[in-house]
Amino acid sequence: MKLLHIIQGSVGGTLEYLKLLIPRLKNLGYENKVICQNEICEELNTLSIETYKIEMSREISIKDDLISLMKILKVLKSYRPDICYLHSSKAGALGRLACFLTRTKCVYNPHGWSFAMQTGYINKLFYAFIEKSLSFLCSRIILISDAELSIAKNYHIAPENKLITIYNGIDIDKFSEALAVDRKTILNSNGKNIVIGMVGRLTEQKDPLMFVKISAEILKVIKNAKFILVGDGNLREKTLSLAKELGVSDNLILTGWVKDPESYIKAFDVAVLTSRWEGFGLVLAEYMAAGKPIVASNIDGIPYVITDKFDGLLATPGDVNDFVTKILSLINNKELSEQLTQNAKNTVRTKFSVDRVILEHAQLFNKISNDKLL
């Protein structure tokens, strides 16, 4: 079976999803090619995954979107895939239109609804209207959490028989067996420092500025604390500026994008996720597999991954004091930390293995291939 994946965006969780999915689907006999852009194409090429480079703007632009649509149509006509798998909102919109025009079966995975972001009421209604209008042009909509499914139902995005939940998954052994980076070299740590870290794009969604504010408060209590942000994004300079303003600069490391985030996670004493909205939060499963106690925002899909006070602690989004209190509780109560960590290891192996994700995708693709074209 020939699959064509279409993805818009940059380095982040959706790319990691594809890097797990495609090689394993190939092992099952699926042929995979990807329409993508910039660094995503470069990363996938290093895995010997064939790509077509097509730029897609995140914002709505009639001129740019038409150009992208025409290029996608050209690829569809030449490659003639059995199924297109569309990842993220813009790729989902352009891809569904292109598949409709070429009579190609497709499935769509929003990887977090665009209208669930913290945006204005009018924008929410507009994005939801687009999703609802385009839902008729695909065979299935894949949702990565029960939170996404609930949102889809609340907004009446599509008939329920068109919605299917396939929870995200990770390569558990990769994170559980990883070796930690040299804390002395990377963090200038003397071995006695408490290291608090977060992995994610430095964007509004992940709220790295919140992480800096938390760091400043913790430093008032724990003088030898070190903080690390693994990732990059458009808020990098603002993050550095705020760190300087709050006196955190000497204790904060921004790594940029790294090839081995699992090694950095292994160096954390406490793992944090300060997201303002989150469809799933794949990094939470990675924290779990690495055996790190977690404090994360109690929002959207996160409570479906982390059960509060069982395999992690949930804090009020945007509430610095709540995050600080819960991070300190993990540092000061080793018994609590170890219990949450052990429960998390059990949770990740039971619910978030990539092997389950591949099996469920294969079953879905085989079913769609036998369905009549819409």
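Which one of I194, I228 is of a type outside the set (S, T, Y) and open to solvent by less than 30 Å² (accessible area, probe 1.4 Å)?
On the way: I194 fails: open to solvent by less than 30 Å² (accessible area, probe 1.4 Å).
Only one candidate passes the filter, namely I228.
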Query raised in the report: Given the structure, is K326 out of contact with any helix residue (DSSP H, G or I) (no Cβ under 8 Å at 6 or more places or on another chain) and either open to solvent by 30 Å² or more (accessible area, probe 1.4 Å) or outside any helix (DSSP H, G or I) (or both)?
Result: yes
Query raised in the report: Would you say I368 is crowded, with 24+ Cβ neighbours inside 10 Å, over 20 Å from the mean Cα position of the chain (by Cα) and of a type outside the set (D, E)?
Result: no
Query raised in the report: Mind checking which pairs have a first residue in segment 1-18 that is in a strand (DSSP E or B) and a second that is among the basic types (K, R), Cβ under 8 Å, 6 or more apart or different chains?
Result: K2/K33; K2/R80; L3/K33; L4/K33; H5/K33
Report task. Taking the options D300, D269, D308, name whichever one is open to solvent by 30 Å² or more (accessible area, probe 1.4 Å), farther than 30 Å from S150 by Cα and either in contact with an Asp or Glu (Cβ under 8 Å, 6 or more places away or on another chain) or of a type in the set (D, E) (or both). Result -> D269
**Report entry** Search result, residues across segment 44-63 that are farther than 19 Å from P81 by Cα and among the hydroxyl-bearing types (S, T, Y)
**Finding:** T46, S57, S61
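State whether one or more residues within segment 179-188 are assigned to a loop (DSSP other than H, G, I, E, B) and touching a strand residue (DSSP E or B) at 6+ places or on another chain (Cβ under 7 Å). If you could, list the steps in order and put the result at the bottom.
First pass over segment 179-188, keeping only residues assigned to a loop (DSSP other than H, G, I, E, B): 179-182, 188.
Those left that are additionally touching a strand residue (DSSP E or B) at 6+ places or on another chain (Cβ under 7 Å): none.
Among the residues of segment 179-188, not one is assigned to a loop (DSSP other than H, G, I, E, B) and touching a strand residue (DSSP E or B) at 6+ places or on another chain (Cβ under 7 Å), which makes the answer no.
Those residues that are of a type in the set (S, T, N, Q) and assigned to a loop (DSSP other than H, G, I, E, B), I need them from segment 44-84; list them, please.
Residues of segment 44-84 of a type in the set (S, T, N, Q): 45-46, 48, 51, 57, 61, 68, 78.
If the condition is that a residue be of a type in the set (S, T, N, Q) and assigned to a loop (DSSP other than H, G, I, E, B), then S48, S57, S61 are the ones that fit.
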Report task. Kindly provide the set of residues from segment 85-109 that are assigned to a helix (DSSP H, G or I) and among the aliphatic types (A, V, I, L, M), ordered by number. Result -> A91, A93, L94, L97, A98, L101
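Scan segment 145-158 and tell me whether some residue there is acidic (D, E), out of contact with any Gly (no Cβ under 7 Å at 6 or more places or on another chain) and surrounded by fewer than 18 Cβ atoms within 10 Å (Cβ to Cβ).
Restricting attention to segment 145-158, the residues satisfying the condition of being acidic (D, E) are 146, 148.
So of that shortlist, the ones also out of contact with any Gly (no Cβ under 7 Å at 6 or more places or on another chain) come out as 146.
Still in the running and surrounded by fewer than 18 Cβ atoms within 10 Å (Cβ to Cβ): 146.
Scanning segment 145-158, I find at least one residue that is acidic (D, E), out of contact with any Gly (no Cβ under 7 Å at 6 or more places or on another chain) and surrounded by fewer than 18 Cβ atoms within 10 Å (Cβ to Cβ), so the answer is yes.
The values are calculated or read from the model by the stated rules, or taken from the named source; none is laboratory data. Note that the structure is predicted; figures quoted are calculated from it, not measured. Note that we place each Cβ from the backbone using ideal geometry, even for glycine, and neighbour counts take in every protein chain shown. Keep in mind that these areas ignore ligands, DNA and RNA; they rest on the heavy atoms of the full protein, side chains included. Shrake-Rupley method; radii C 1.70, N 1.55, O 1.52, S 1.80 Å.
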